[in-house]
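**Q** Structure incoming, see below.
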Amino acid sequence: MGGGTVTHHYAGAHGFLRSEQTFPQGAHDGLRNAQLRRNLGHATATIRAKRAAVVDEVPDWEALRSAGSAIKTEVMARLPALLVQLEEQVTARGGVVHWARDAEEANRIVLGLIREKSAQEVAAGRAPVDQVVKVKSMATQEIALNEALAEAGIAALETDLAELIVQLADDKPSHILVPAIHRNRAEIRQIFLDHMPDVDPDLTDEPRVLAMAARAHLRRTFLAARVAISGANFAVAETGTLAVVESEGNGRMCLTLPETLITVMGIEKLVPTWRDLEVFLQLLPRSSTGERMNPYTSMWTGVTEGDGPQSVHLVLLDNGRTEALADEVGRAALHCIRCSACLNVCPVYERAGGHAYGSVYPGPIGAVLTPQLAGMHGSGHADSLPYASSLCGACYDACPVKIDIPSILVHLRARHVETARAAHRLPTAEQAAMAAAAWVMSDGRRFAASEKGLGAGRLLGRLQGDASRIRALPPPFNAWSAARDTPAPPPETFRQWWSRTRGSRR
Ligand code: SF4
């Protein structure tokens with residue numbers, strides 16, 4: 001199977017942001033999986049081509065990007081006031097706003113609301129609530145809500161097709177927008193056959209047939225659901241309106257059919273006014289799925305009597321965001337509208353796969369967002385992520401809100417070096433190697449003497465079976481070669497070549 005086994009372990013108040021594996025350790029698994037790389041390569045190339053074509057159609061695309069960037073900068077500058085305005089508007093229209101500092105608190109609030117609804121059902125002589133339906137949502141993945149609900153005996157059923165595939169296979173998403181991007185059609189068919197009761201055993205792997213099977217599976221669930229949980233792509237501060245954009249219509253069913261609707265939203269998802277939505281509703285679909293317009297845009301403002309959910313809750317999630325906001329460079333990562341364009345153009349993501357990032361936020365945006373939300377401590381998973389990039393800049397070019405990801409990566413690398421220096425009284429192997437290199441290179445004679453050691457490098461390569469590459473360096477340099485091959489030194493240095501060819505003319 002292309003997905004492989006996901007071995008990350010997640011825990012603590014931060015939910016699914018942290019992993020026990022560093023990026024290089026995770027990337028090893030991804031790089032060994034040829035099927036995963038083929039699936040990813042095919043899918044990202046297809047989305048890239050679609051996106052490029054529809055972006056080319058828009059004459060003012062660059063102006064739209066600048067507008068999106070400016071709106072987000074304004075939101076970050078006025079976030080506290082805008083959040084208060086949003087709370088007032090939602091409350092005035094019959095909704096209830098809850099504030100959650102971290103994943104644990106958010107999960108506790110959602111669970112409390114479901115239990116409240118369940119008690120009402122039991123009091124009315126109906127069965128307790130033991131199942132909820134979900135609209136695809138990054139925020140609820142971030143806080144590990146499904147797992148928290150499962151522990152309390154409540155099943156959370158994903159209704160987005162790709163999310164459903166991941167859930168049925170007991171897998172982890174590997175892409176923001178297409179969580180099952182690492183699976184091909186044959187694999188999906190097998191997952192349905194193995195895990196969907198009542199599925200037609202003659203099911204083919206045609207996309208339409210697979211979608212129909214999922215639809216039949218979900219329909220029964222929608223009609224019975226009493227509680228739905230969603231995320232939100234945008235929240236309009238001036239009116240208290242929440243918005244979800246999606247492609248399949250399953251989200252619309254979740255948002256309208258159940259009696260109770262609970263939305264979990266990161267505090268950065270705000271826009272000040274309705275007019276601002278106009279910009280993002282153009283930028284988002286073209287950047288994410290390569291569509292001119294997303295098929296379903298659902299918006300709701302508080303409670304409407306006799307129409308849709310009669311109990312509407314909004315959980316505003318911090319989970320490290322105010323700390324990220326305090327960093328003048330890093331805060332731009334909070335501008336992200338989760339379109340996933342940066343993932344689809346990233347050469348590192350395409351080869352390593354989303355699981356390597358050990359967080360619900362993979363790819364270039366994950367490499368800058370996760371360390372800020374989860375915190376950097378000088379070593380470990382979050383500290384390894386800013387290095388998960390070649391700094392080629394493709395992500396910056398693709399980002400619809402102009403987040404300068406390469407600059408944030410460099411900024412976070414500097415922060416990591418500072419944190420590591422403060423945490424270790426003795427220099428790390430990397431610092432010692434850099435200091436030694438500086439000492440050697442700052443003196444011509446020392447540099448010439450060091451070249452004599454290059455023959456050993458060539459020999460190492462030959463001993464490891466490839467004269468052009470060194471696969472493993474001896475300690476303390478083995479940390480470097482654990483994740484990359486090192487080119488073996490050339491047979492002749494520049495100085496040797498110079499004295500051999502021009503030496504007589506000196
Ligand atoms: S960083 Fe930019 S390109 Fe990447 S997901 Fe966010 S908005 Fe999209």
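The values are calculated or read from the model by the stated rules, or taken from the named source; none is laboratory data. Keep in mind it's a predicted model, so treat the numbers as computed, not measured. A quick note on method: Cβ atoms are made from the backbone with ideal geometry, for glycine too, and the neighbour counts reach across all protein chains shown. Accessible surface is based on the protein model in full, side chains and every heavy atom, while ligands, DNA and RNA are left aside. Shrake-Rupley method; radii C 1.70, N 1.55, O 1.52, S 1.80 Å.
**Q** For the range 346-496, what % of the accessible area comes from carbon and sulfur atoms, probe 1.4 Å? Mind showing how you got there, number by number?
**A** On the way: 4870 of 7730 Å².
With neighbouring chains kept in place, the figure for the range 346-496 is 63 percent.
**Q** I've got another one for you. Provide the packing ranking of 35-45, 104-114, i.e. peptides ordered by the mean count of other C-beta atoms within 10 Å per residue, highest first. Don't skip to the answer; put the middle values down first.
**A** Working: 35-45: 17.8, 104-114: 19.7.
Sorting 35-45, 104-114 by mean packing, highest first, produces 104-114, 35-45.
**Q** Just from its helices, what would the mean residue ellipticity at 222 nm be for the chain, if runs of 4 or more DSSP H residues each count -39500 (n - 2.57) and the sum is divided by every residue, rounded to the nearest 500 deg cm²/dmol? Mind dumping the intermediate values first?
**A** On the way: 24 runs with 255 residues, N = 506.
Taken over the chain, the calculation gives -15000 deg cm²/dmol.
**Q** Rounding to the nearest 10 and keeping the result within 0 to 90°, find how far the Cα-based axis of helix 405-423 lies from the longest principal axis of the chain.
**A** Once rounded, the angle reads 70 degrees.
**Q** Right, next: Calculate one ³J(HN,Hα) per residue across the range 80-95 by plugging θ = phi - 60° into the Karplus curve 6.51 cos²θ - 1.76 cosθ + 1.60, and present them in order as whole Hz with x for glycine and proline.
**A** x, 5, 5, 5, 5, 4, 4, 4, 4, 5, 5, 5, 4, 9, x, x
**Q** Here is a further query. Send over a whole-number figure in Å² for the accessible area per residue of the range 103-216, probe 1.4 Å.
**A** For the range 103-216, the solvent-accessible area averages 44 Å² per residue.
**Q** Right, next: Using a simple spin-label model with points 7 Å from Cα along the Cα→Cβ vector, what separation in nm is obtained for THR46 and ASP60?
**A** 3.4 nm
**Q** Another question, if that's okay. Once both axes come from the Cα atoms, what is the angle between helix 23-32 and the longest principal axis of the chain, in degrees from 0 to 90, rounded to 10?
**A** For 23-32 against the chain, the angle is about 90 degrees.
**Q** Note the angle between two axes, namely the Cα long axis of helix 103-123 and the longest principal axis of the Cα atoms of the chain, as a number of degrees from 0 to 90, rounded to the nearest 10.
**A** 20 degrees
**Q** May I ask which residue of ALA235, VAL312, LEU17 lies farthest towards the positive end of the charge dipole of the chain, with charges of +1 (Lys, Arg) and -1 (Asp, Glu) on Cβ and the Cα centre as origin?
**A** It is LEU17.
**Q** For a test of understanding, tell me how many lysine pairs in the chain have Cα atoms under 29 Å apart, given they are 8 or more places apart or on different chains.
**A** So the count works out to 21.
**Q** Mind ordering 276-284, 157-165, 207-215, 183-191 by average Cβ neighbours within 10 Å, highest first?
**A** Packing proxy ranking, top to bottom: 157-165, 276-284, 183-191, 207-215.
**Q** Also, I was wondering about something else. With the cut-off at 1.5 for a/c, could you classify the range 81-194 from its C-alpha gyration tensor as rounded, prolate or oblate?
**A** oblate
**Q** Please identify every one of the GluC sites (Glu not before Pro) in the range 315-385 that sits in a loop by DSSP and has no more than 12 other beta carbons within 10 Å of its own beta carbon. Let's see the in-between values first.
**A** Working: sites: GLU323, GLU328, GLU350; in loops: GLU328.
Answer by residue number: GLU328.
**Q** For Cα pairs less than 8 Å apart in space and 6+ apart in sequence, what is the mean separation divided by the residue count of the chain, i.e. the relative contact order in percent?
**A** Details: 880 pairs, mean separation 103.0, N = 506.
Result for the chain is 20 percent.
**Q** While we're here: Place a point 7 Å from Cα of MET441 in the direction of its Cβ. Which residues in the range 372-391 have their backbone N less than 19 Å from it?
**A** Residues 391 fall inside that zone.
**Q** Under 13 Å from the Cβ of VAL315, count the other residues' Cβ atoms, weight Lys and Arg +1, Asp and Glu -1, and hand me the total.
**A** Charge balance near VAL315 sits at -3.
**Q** Any chance you could run the full-extension gain for ALA467 through ARG500? It's 0.36 nm times the residue separation minus the Cα-Cα distance, nm to one decimal.
**A** Length gained between ALA467 and ARG500: 9.6 nm.
**Q** Round to a whole number: what % of the accessible area of the range 231-272 belongs to carbon and sulfur, probe 1.4 Å?
**A** 49 percent
**Q** Measuring from label point to label point, each 7 Å out along Cα→Cβ, what is the SER481 to ASP307 span in nm?
**A** Label-label distance for SER481 and ASP307, simple model: 6.9 nm.
**Q** Among the trypsin sites (Lys or Arg not before Pro) within the range 271-321, which fall in a DSSP loop and have no more than 14 other Cβ atoms within 10 Å of their own Cβ?
**A** The qualifying sites are ARG292.
**Q** Between ARG219 and LEU193, what's the calculated FRET efficiency when r is the beta-carbon distance and R0 is 30 Å? Round to 0.05. Please list the in-between numbers first.
**A** Values: r = 19 Å, r/R0 = 0.64.
According to the calculation, E is roughly 0.95.
**Q** Points 7 angstrom from Cα along the Cβ direction at TRP274 and GLU116: gap in nanometres?
**A** Rounded to a tenth, the inter-label distance reads 2.9 nm.
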